Each structure stands twice: as structure tokens, then as C-alpha cells.
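The values are calculated or read from the model by the stated rules, or taken from the named source; none is laboratory data. All figures in this text were calculated on a predicted structure; none of them were measured in a lab. Cβ atoms come from the backbone with ideal geometry, glycine included; neighbour counts cover every protein chain shown. For the accessible areas, the whole protein counts, side chains as well, though only heavy atoms, and no ligand, DNA or RNA atoms are used. Shrake-Rupley method; radii C 1.70, N 1.55, O 1.52, S 1.80 Å.
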Amino acid sequence: DEDRTPGLDDAGFMTLRTMRGVSGVYISRGTMLVSPTSDYRQLQQGAVMDKAATAGHDAMLVYLNRAIRTNANGTIKEEVAQQIEREATAKLERAIVNAGHAERVELLVLRTNNVLSTKELKYRVRVLPFGYAEFIDGEYGFTNPALAVA
């Protein structure tokens with residue numbers, strides 16, 4: 001119980017705790033044993049990225065072995081890249097944002113890759129996650145209406 005014997009949670013271990021006035025046992029913060037600066041420190045952030053990776057891959061599968069118009073240097077034409085980005089991002093939004101897993105998501109097609117030579121359509125998925133309060137911090141005090149500034 002991290003609430004009674006603290007320490008492991010701060011060290012990055014996922015721990016359980018009880019809470020005063022609430023029945024049951026709860027995950028403390030959902031931290032994973034990674035670097036303190038990692039984007040995947042919280043369990044829910046890793047889960048969101050897992051969903052994004054699956055949805056991004058699924059959105060891009062329709063372009064596998066599909067004819068892709070290229071520039072003279074073998075890179076993807078700008079209008080084709082933009083169309084793919086619109087279509088794939090819309091699919092990602094339905095799977096991630098509309099399903100309540102993150103604030104925003106986008107897929108970016110890399111313009112510098114020589115598709116003719118590499119036979120690869122490279123892309124990046126970026127997710128704006130929700131913020132999660134790991135702590136709550138309240139302030140309490142008295143007020144005197146007679147002393148309030150008008």
C-alpha cells in the first residue's frame with residue numbers, strides 16, 4: 001500500500017494504494033519503470049500510443065502496393081501526400097479522438113523519401129494526449145466579507 005509505506009511509486013514502480021474515505025484499492029499513478037522524462041511514463045499514455053500505432057498502420061494499409069505519383073526525383077508529389085494525410089488523419093481521428101483517447105492526432109507523410117528507390121511510403125503519427133493530474137493541491141482559508149475590497 002503506497003499510501004502507508006511510500007517510496008516505490010516515486011522510484012518509478014507501478015504501485016497500489018488505498019485512499020482515506022474511499023473503499024477499494026487503486027493504482028497510485030500508473031507509472032512505468034522508464035526514464036522520468038519519457039513520454040510513456042504513465043500507463044495510459046502507453047495505451048494511447050498503442051491504439052495510435054494500430055490505427056495508423058490500419059489507415060496506411062490501403063496505400064500498400066498502390067500507385068503513388070512521384071516527382072522527377074522519386075519523392076511523393078505534394079498533392080498526393082496531402083490527400084493521404086487528410087484521409088489517414090480522418091481515420092485516426094475516428095479511432096483515437098472521437099473514441100475519447102486523446103485530444104488530437106495527425107499523420108504526416110514524409111516528403112523527402114525517394115519512393116521510387118526505397119519502395120517505402122514513410123509517415124509519422126503525432127498524438128496530443130490528455131493531461132492527467134497525478135496530484136491534487138487545494139488551498140483553504142477563511143474569508144471576511146467586511147474586509148473585502150469593493
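Counting Lys and Arg as +1 and Asp and Glu as -1, each charge on the Cβ, what is the dipole of region 85-150 about the Cα centre in debye, to the nearest 20?
On the way: 9 positive and 9 negative charges, 125 e Å.
That gives region 85-150 a dipole magnitude of about 600 debye.
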From most to least accessible, 1.4 Å probe, no ligand or DNA/RNA atoms counted, ILE27, ILE96, ILE136 line up as ILE136, ILE27, ILE96
Expressed as an acute angle from 0 to 90° and rounded to the nearest 10, what is the orientation of the C-alpha long axis of helix 78-92 relative to the principal long axis of the chain?
40
Here, trypsin sites (Lys or Arg not before Pro) of region 1-110 satisfying both criteria (DSSP loop; at most 13 other Cβ within 10 Å) are ARG4, ARG20, ARG66, ARG69
Work out how much length LEU64 to ASP137 would gain on full extension: take 0.36 nm times their residue separation and subtract the Cα-Cα distance, in nm to one decimal.
21.2 nm
Which value, in Å² and to the nearest 10, is the accessible area of TYR132 when all protein chains are kept and the probe is 1.4 Å?
90
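Please go through region 40-115 and write out the GluC sites (Glu not before Pro) that DSSP classes as loop and that have at most 13 other C-beta atoms within 10 Å. Could the numbers behind the result be given before it?
Working: sites: GLU78, GLU79, GLU85, GLU87, GLU93, GLU103, GLU106; in loops: GLU103.
The qualifying sites are GLU103.
For GLN44 and ASP3 in one chain, what is 0.36 nm times their gap in residues minus the Cα-Cα distance, to one decimal in nm?
Working: separation 41, 0.36 × 41 = 14.76 nm, distance 2.11 nm.
Value of the extension gain: 12.7 nm.
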So for VAL105, VAL25, VAL62, what's the accessible-area order with a 1.4 Å probe, most first?
VAL25, VAL62, VAL105
Any chance you could give the angle, 0 to 90 degrees and rounded to 10, that helix 43-60 forms with the longest Cα principal axis of the chain?
20
Rule-of-thumb Rg ratio for region 42-150 [Cα; 2.2 N^0.38 Å; N residues]:
1.71
Expressed to two decimals, region 1-93 has a Cα Rg over Rh, using the Kirkwood radius, of 1.28
Selection from SER23, PHE13, VAL34, by position along the positive dipole direction of region 1-50 (Cβ)
SER23
Considering only protein heavy atoms, what is the solvent-accessible area of LEU107 at a probe of 1.4 Å, reported in Å² to the nearest 10?
0
Note down the magnitude of the dipole of region 8-150 about its Cα centre, charges +1 on Lys and Arg C-beta and -1 on Asp and Glu C-beta and zero elsewhere, to the nearest 20 debye.
540
Solvent-accessible area per residue for the chain (1.4 angstrom probe, square angstrom):
72
